[in-house]
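S.K.: Next up is a structure, given as structure tokens.
The values are calculated or read from the model by the stated rules, or taken from the named source; none is laboratory data. Predicted model only: the values in this text are computed from it and were never measured. Neighbour counts are summed over all protein chains in view; Cβ atoms, including those assigned to glycine, are modelled from backbone coordinates with ideal geometry. These area figures cover heavy atoms from the full protein model, side chains too; ligands, DNA and RNA do not enter into them. Shrake-Rupley method; radii C 1.70, N 1.55, O 1.52, S 1.80 Å.
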Amino acid sequence: MDYYQILEVNRDADIPTIKKKYKELAQMWHPSLHAENKQEANVKYREITEAYEVLSQAKYRAIYDLYGTTGLKKGAPNEKGEIVGGDYQFVSDPDEVFRDAFGRNPFTEFFDFSGVTPSEANGIFNEFSQMSAPPRKEKAQPVYHDVLCTLEELYLGATKRVEYFKQSLNPDGVTTTKEPQIANLTVVKGMKEGDQIIFPEIGNVSQSEEQGDVIFRIKQKKHSQFKRNGNDLIFTADISLGKALLGSIVKVQTIDGRTLSVPVTQIVHPGYTQVIRGEGMPINYPPTKLSHATPTKSKPKEKGDLILQFHLIFPETLSEDQKKLLKEADL
């Protein structure tokens, strides 16, 4: 839905221009003036009113200009991955919107209501609206599409161009066709397998259904070095028997390109692990939770932990001197 096109104004139109055009179109398309095509007029009249309601209010217009009706009504991720918009729904009485704007009903210039009380006139207006209201359609089933991401993309965040297929209505208005579509997804740092990115009302459409959603489901590729457990990363380091007993420094190349030098000072036995705090995956706090979080004195944890596991490498042979030293050590 293009609000500017509906109101027949340019995208840089000021408020007086928008208000003037709204008045003209609302009076032209009021359902009471269209007995032969009342349902079509009612739809048009409501669209005109919704367009005016959005474009005449700066907070709604700004969101619409950036993210369209999807962002306005369902919310959309900005460049930081935060959800913006999503708090607008058109539930207004179109006649009330007109009265608020101009102090009278949109069709008082066309009808003589002398001798009719305001409440009686409002009853007539409401009757017109109810008679012409189109039946509500069920929403189509969502399109699900899996998006394969590397651990690096989930760690660092990424933008992915994804092709998916949806059902579109043919020009005959009855039959449908499966068509390829492209979506640009923002993969937020810390997302994990099973997380969903929802694009409202860009999915399947048919003659009898409202357009459905497209739901992209995150899938994670297997990594050559790290395993993921929630927000924690697990790294398995090879260590010789001597270093396992005497201590060593383990080098770990992180996903973002740093090298950690981890001192191992305890005896490494089978099943031994070592935890490096805050070197795991970024924690993806949903924006809805962040905005309602109770402030605390301590900073919330930003990353999970890195858990070092060890693979003991035993020597294949021992020299006589090595055997002698082990005997003397009584190991």
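S.K.: For Y144, what residues show an amide H to amide H distance below 5 Å, using hydrogens built from the backbone and excluding near sequence neighbours?
M.R.: Counting only residues 5 or more places away or on other chains, the set is I215.
S.K.: Can you give the accessible area of D256, probe radius 1.4 Å, in Å² rounded to 10?
M.R.: Surface accessible to solvent at D256 totals approximately 60 Å².
S.K.: To the nearest 10 square angstrom, what accessible area does H311 show with a 1.4 Å probe?
M.R.: 100
S.K.: Kindly write out, for the range 226-241 in residue order, the coupling ³J(HN,Hα) from the Karplus curve 6.51 cos²θ - 1.76 cosθ + 1.60 (θ = phi - 60°), rounded to whole Hz, with x marking Gly and Pro.
M.R.: Each residue's phi maps through the Karplus curve to give 10, 10, 10, 10, x, 9, 9, 10, 10, 10, 9, 9, 7, 9, 6, 4 Hz.
S.K.: Ordering R258, R61 from largest to smallest accessible area (1.4 angstrom probe), what's the sequence?
M.R.: So, going from the largest accessible area down, we get R258, R61.
S.K.: Now a separate question. Mind scanning K189/K243; K21/K166; K44/K160; K73/K192 and naming the pairs with a C-alpha gap bigger than 32 Å?
M.R.: Listed pairs above 32 Å: K189/K243; K21/K166; K44/K160.
S.K.: Name the residue farthest towards the positive end of the dipole of the range 155-211 from the options L169, S206, L156, assuming +1 on Cβ of Lys and Arg, -1 on Cβ of Asp and Glu, about the Cα centre.
M.R.: Of the candidates, L156 comes out farthest on the positive side.
S.K.: Also, I was wondering about something else. Check each of the GluC sites (Glu not before Pro) in the range 1-36 and keep only those in coil by DSSP with at most 14 other C-beta atoms within 10 angstrom; list them in order.
M.R.: Taking the range 1-36 and a limit of 14 other Cβ atoms within 10 Å, the loop GluC sites (Glu not before Pro) found are E8, E36.
S.K.: Can you list the residues, at least 5 places off or on another chain, whose amide H is less than 5 Å from the amide H of I283, using H built in the peptide plane?
M.R.: For I283, whose amide H was placed from the backbone, the distant partners under 5 Å are K303, G304.
S.K.: What is the Cα centroid distance between the range 12-39 and the range 306-324, reported in whole angstrom?
M.R.: 84
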